[in-house]
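Coordinate-derived values only; no laboratory data. It should be emphasised that the depicted structure is a prediction, and the values quoted were computed from it without experimental measurement. Ideal geometry is used to build each Cβ from the backbone, glycine not excepted, and the neighbour counts take in all protein chains shown.
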Amino acid sequence: MAPIVTGKPLLKFAGKPLIRHQIRAAQQAGLNQFVIVANQNNLADLQTAVDRLRKAKIELPYRKNRMVWPVLSLRRLHWLVMNLFILCGVDDIVESKAFSQIINEYEKNSGHLGYLTTYYVKDYFPGGYFVLGKKGEIRHIVEKPRRGEEPSKFINIVLHLISRPQILFDYLTRAGNNTDDLYETDSGPDYSGMAIA
């Protein structure tokens, strides 16, 4: 991306960085507290991009090592570990109603460990695919399978409501793997307590 921008969240769409569009969509769904994981290359640019957003509480923790998984770098934010949160990937741009829908699913049944957003595709898409059990339950995610080897027609949209974050943090700590998509892969956690939103 460099020298154009220092990260995908800063790519401009309709005159504004993608990160601003994501925050606006989340705000329209009633969310107002955000944590944006930055690194040494994009911290200043991200701060500038979000400075003028009104009614948003934004924290920008600094991640020294790009390979450290973002959620692990957030462990020091005690409130995040203790409360539910929505993990949103800036690469997966969603409408405000997607935020509302995942919140509504949680409010209808808060018994799941979390809620994952999916999208049904007819043709191959180079992304993460859900592996589903016989009853439609999520088994795990296969990240970018080869064409023709997709385990289902449901792709993973990184808009996840994590209702029991301590379980996720504990798993990531035990796994000791620094890949940024660890919790989404074949070797990831048991998804049996997760629901599709």
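Between Leu84 and Asn109, what length in nm is gained on full extension when 0.36 nm per residue of separation is reduced by their alpha carbon distance? Mind dumping the intermediate values first?
On the way: separation 25, 0.36 × 25 = 9.00 nm, distance 1.37 nm.
Taking Leu84 through Asn109 to full extension adds about 7.6 nm, to one decimal.
Can you tell me the length gained on complete extension of the stretch Gln33 to Lys12, counting 0.36 nm per residue apart and subtracting the Cα distance? Don't skip to the answer; put the middle values down first.
Working: separation 21, 0.36 × 21 = 7.56 nm, distance 2.25 nm.
My answer for the length gained is 5.3 nm.
Would you kindly state how much longer the chain becomes between Arg146 and Lys122 on full extension, computed as 0.36 nm times their sequence separation minus their alpha carbon distance, in nm to one decimal? Please list the in-between numbers first.
Working: separation 24, 0.36 × 24 = 8.64 nm, distance 1.52 nm.
Full extension of this stretch gives 7.1 nm more.
To the nearest 0.05, how large is the calculated FRET efficiency for Leu60 and Lys134 if R₀ is 41 Å and r is the Cβ-Cβ distance?
Numbers: r = 43 Å, r/R0 = 1.06.
For R0 = 41 Å, the calculated efficiency reads 0.40.
Cross-link candidates for Lys134: which lysines have Cα within less than 17 Å, leaving aside residues fewer than 8 places away along the same chain?
In chain and number order, the partners are Lys153.
How large is ³J(HN,Hα), in whole Hz, for each residue of the stretch 31-38 in order, when computed from phi with the Karplus curve 6.51 cos²θ - 1.76 cosθ + 1.60 and θ = phi - 60°, using x for Gly and Pro?
8, 9, 10, 10, 10, 10, 7, 10
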